[in-house]
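Nothing in this text is a laboratory measurement; each read-out follows from the coordinates by a stated rule. For clarity, every value in this text was computed on a predicted model and none was experimentally measured. Cβ sites come from the backbone with ideal geometry, for glycine too, and all protein chains shown count toward neighbours.
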Amino acid sequence: MKAKLEYLLTLIVAVTAIFSLTACIPQGQKGTELRVINADSLMVPFQELAKAFETEHPGVDVQIEGHGSIQVIRQVTELGAEADVLAVADCSLIPMMMYDVQIPGTSENYADWYMIFATNHLVIAYTSQSKYADQIDNTNWYKILSMPDVKVGISDPRLDSSGYRALMTCELAGLYYGNDSIFQNVMGSFSPPITVSEGNGTYTIKVPEIIKPLKAAVQGSAIALIATVQSGDIDYAFMYQSIAEQHGLRFIQLPPEIDLSSDAYKELTAGLSVKIEFQRFASVTPVFECQPISYGITIPKNAPHPELAVDFIKFILSDTGQKIFQDCRQPLVIPPSADEPSRLPSALRLLVE
Amino acid sequence: MKMRRIIPIVLVIVGILCVFGAMAVYALERGNNQDRVEWNVTLVGAGGEQKTLSYDEIKAMPSYEGWGGFFSTAGVVSGPFKVKGVPLESLCEQVGGVNPSQAVLVYAVDGYSMVFDYDQISGKFDTYDPQTMKPTPHGELKLILMYREDGKPLSHDDGKPLRIATVGTDKLLIEGHFWVKWINKIEVININEAKASGTITVAS
């Protein structure tokens with residue numbers, strides 16, 4: 001009888017212990033978690049990449065998280081997130097926000113290299129319902145967009161890289177077509193105004209802290225821009241080609257001198273920048289120089305799984321990765337380049353040109 | 001025979017430790033959810049007036065409750081939630097108010113900031129249906145400093161203790177960047193009158 005009581009007691013304690021231990025284990029934990037934080041415009045290909053990478057690496061759970069590019073880096077440098085891979089739509093943000101910022105409690109900075117691995121084109125997206133959809137082409141687009149009954153949309157240049165790049169493209173279009181009024185005619189007036197000034201062939205577009213467009217529509221993100229184009233609230237929107245294609249929108253390809261896919265714009269101007277008069281982040285100077293659209297990727301020095309992060313970047317550039325990017329209409333840069341090839345992990349050094 | 005006696009004792013000890021561990025985790029979780037917060041918000045008026053309100057003082061102000069939600073730049077939808085807080089206009093009134101020639105800058109403790117023009121302070125935002133994500137007209141909408149979501153205080157990840165939100169009578173969404181977390185300063189600014197002519201100048 002005593003023995004039976006002992007065993008019953010043991011059983012109760014064992015069951016209680018198992019339940020208690022289960023309660024202490026974080027929910028959803030499975031294998032190694034690779035945390036990837038990326039620009040929103042990379043969400044579609046990166047979600048596909050994550051699935052394929054997990055298939056090839058059993059036990060690895062790839063967590064994909066999308067933000068605006070500045071916010072991607074701030075997650076690590078200012079909000080304390082521990083990420084394995086960071087990928088942004090403007091590679092210049094990596095040195096600007098990571099190279100001189102020390103990891104707390106160490107003498108190391110967050111990063112000292114990046115690879116340029118992808119690019120994009122700025123296009124004009126629309127639907128079959130957009131006004132003059134049957135007439136617009138890559139020679140008359142700025143005339144159609146200038147019509148008073150046509151509603152044009154851009155992402156907010158204070159918040160989104162495709163927003164300030166849309167302003168750059170409009171200014172470059174004026175130089176390319178020899179027509180000073182394209183910027184004003186396409187974008188319309190703003191109150192307070194967006195101003196463009198020139199000195200020695202260098203142009204500066206100044207964006208005020210408040211943006212109230214009188215003609216154009218300004219949305220905070222590409223997601224909202226897509227919704228308003230699809231609903232017919234706006235007729236045409238400047239956005240990245242990959243996003244237009246991923247969402248089944250029609251689009252007009254612009255000449256390479258103005259679509260920011262390469263440095264062909266340098267034939268038009270000595271320099272072009274957008275200065276935002278609203279400092280959204282205390283740590284970021286809001287001046288954006290005109291550069292080709294170059295997606296940058298790096299591994300923070302405090303990444304929990306740096307070797308797996310290297311494998312993930314190699315996977316992006318592998319045949320499988322290239323096919324995923326191709327299927328998602330996101331152009332890769334093959335071979336990739338690096339700002340500081342000697343600082344790359346050796347397995348990645350072999351891949352850069 | 002000795003082992004037969006030791007094993008149950010060891011298991012009892014392990015069991016007791018686990019039970020206490022689980023109780024400690026529960027107590028910590030519960031503690032985190034308590035609606036007791038040490039937090040101040042600095043209000044700055046356009047004329048330089050300044051006032052600091054504690055979390056409790058903000059909660060004691062007349063509140064507004066309604067539905068609000070948002071979507072992230074990656075398209076992730078949060079809400080709509082039942083949201084409660086103090087209208088931003090009421091907070092601005094504490095330091096001289098806000099008028100159509102002014103805007104309101106809100107600052108978060110992590111260095112993030114956002115500017116709202118007068119129309120937005122008055123509730124003019126593009127709103128979207130959470131099911132279709134299509135732009136959808138809205139009824140009454142207010143910009144508030146929220147402190148409760150679905151009847152509970154905010155968690156850290158949701159902006160504890162104070163967050164900007166838009167709330168109204170309809171279960172609609174706005175763009176997520178407006179829902180600024182961890183607010184610690186609200187400032188009324190004058191929009192430069194000289195800039196407000198509404199033209200683009202191209203100098204060449």
Original post:
lysines near residue A:323 by alpha-carbon distance under 30 Å, same-chain residues fewer than 8 away left out - which ones?
Top reply: A:30, A:51, A:301, A:314
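If R₀ is 35 angstrom, what is the calculated FRET efficiency for the pair residue A:326 and residue B:36, using the beta carbon separation as r and rounding to 0.05?
Working: r = 55 Å, r/R0 = 1.56.
For R0 = 35 Å, the calculated efficiency reads 0.05.
Can you tell me how much longer the chain between residue A:197 and residue A:32 gets when fully stretched, taken as 0.36 nm per residue apart minus their C-alpha distance, in nm with one decimal?
Working: separation 165, 0.36 × 165 = 59.40 nm, distance 5.22 nm.
Here the segment from residue A:197 to residue A:32 would lengthen by 54.2 nm.
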**OP:** For residue B:155 paired with residue B:140, estimate the spin-label separation in nm (one decimal), with each label point 7 Å from Cα along the Cα-to-Cβ line.
**Re:** 3.1
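Across the residues of A:220-232, average count of Cβ atoms on other protein chains within 10 Å?
Numbers: counts 8, 8, 3, 10, 11, 0, 2, 9, 4, 0, 4, 6, 2.
Per-residue shielding by partner chains comes out at 5.
Seen from all sides and averaged, what is the projected area of the convex hull of the Cα atoms in chain A, in nm²?
Projected over every direction and averaged, the Cα hull of chain A covers 24.0 nm².
If packing is taken as the average number of other Cβ atoms within 10 Å across a peptide's residues, how do A:156-166, A:241-251 rank, most packed first?
Details: A:156-166: 25.2, A:241-251: 19.4.
Most protected by this proxy first, the peptides run A:156-166, A:241-251.
Averaging over every viewing direction, what projected area does the convex hull of the Cα atoms of the range A:238-296 cover, in nm²?
Values: hull surface 22.7 nm².
Result: a mean projected hull area of 5.7 nm².
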Original post:
Mind listing the phi-derived Karplus ³J(HN,Hα) values for the range A:238-253, rounded to whole Hz, using 6.51, -1.76 and 1.60 with θ = phi - 60°, and x for any glycine or proline?
Top reply: 7, 7, 5, 4, 4, 5, 4, 5, 4, 9, x, 8, 6, 8, 9, 7
Original post:
How far apart, in nm, are the 7 Å Cα→Cβ label points at residue A:181 and residue A:52?
Top reply: 5.0
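Mean projection of the alpha-carbon convex hull of the range B:44-172 over all orientations, in nm²? Display every interim value, and only then the final one.
Numbers: hull surface 32.9 nm².
Averaged projected area of the range B:44-172's Cα convex hull equals 8.2 nm².
Would you please put B:59-72, A:280-293 in order of how densely packed they are, using the mean number of other Cβ atoms within 10 angstrom per residue and starting with the highest?
Values: B:59-72: 18.6, A:280-293: 16.6.
By packing density, highest mean first, the sequence is B:59-72, A:280-293.
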Original post:
How much length is gained if the chain between residue A:92 and residue A:340 is pulled fully straight, taking 0.36 nm per residue apart and subtracting their Cα-Cα distance, in nm to one decimal?
Top reply: 88.0 nm
Original post:
How many partner chain Cβ atoms sit within 10 Å of a residue's Cβ in peptide A:274-282, on average, as a whole number?
Top reply: 3
Original post:
Which aspartates and glutamates have a Cα less than 16 Å from the Cα of residue A:131, not counting those fewer than 8 places away in the same chain?
Top reply: A:149, A:233, A:235
**OP:** Consider a paramagnetic label point 7 Å from the Cα of residue A:353 along Cα→Cβ; state which residues of the range A:220-242 have an amide N under 20 Å from it.
**Re:** none
Original post:
How do the peptides A:205-218, A:226-239 rank, highest first, by the average count of neighbouring beta carbon atoms within 10 Å per residue?
Top reply: A:226-239, A:205-218
**OP:** List, in the order given, every pair from B:142/B:181; A:212/B:82; A:151/B:134; A:206/B:134; B:51/B:152; B:51/B:185 whose Cα-Cα distance in the structure shown is over 22 Å.
**Re:** A:212/B:82; A:206/B:134; B:51/B:152
Original post:
Can you list the HN-Hα couplings for the range A:174-183, worked out from phi with the Karplus curve (6.51, -1.76, 1.60; θ = phi - 60°), rounded to whole Hz and with x for Gly and Pro?
Top reply: x, 6, 5, 8, x, 9, 4, 8, 4, 4
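What is the Å³ per residue value for the convex hull set by the Cα atoms of the range A:148-290? Please report the intermediate quantities before stating the final value.
On the way: hull volume 16.4 nm³, N = 143.
Normalising the Cα hull of the range A:148-290 by residue number yields 115 Å³.
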Original post:
What FRET efficiency comes out for the pair residue A:133/residue A:253, r = Cβ-Cβ distance, R0 = 22 Å, nearest 0.05?
Top reply: 0.90
**OP:** Apply the Karplus parameterisation 6.51 cos²θ - 1.76 cosθ + 1.60, with θ equal to phi minus 60°, to every residue of the range B:50-55 and state each ³J(HN,Hα) to the nearest whole Hz, in sequence, with x for glycine and proline.
**Re:** 9, 8, 10, 10, 7, 4
Subject >> Average beta-carbon neighbours from other chains, 10 Å sphere, peptide A:204-212 >> reply: 4
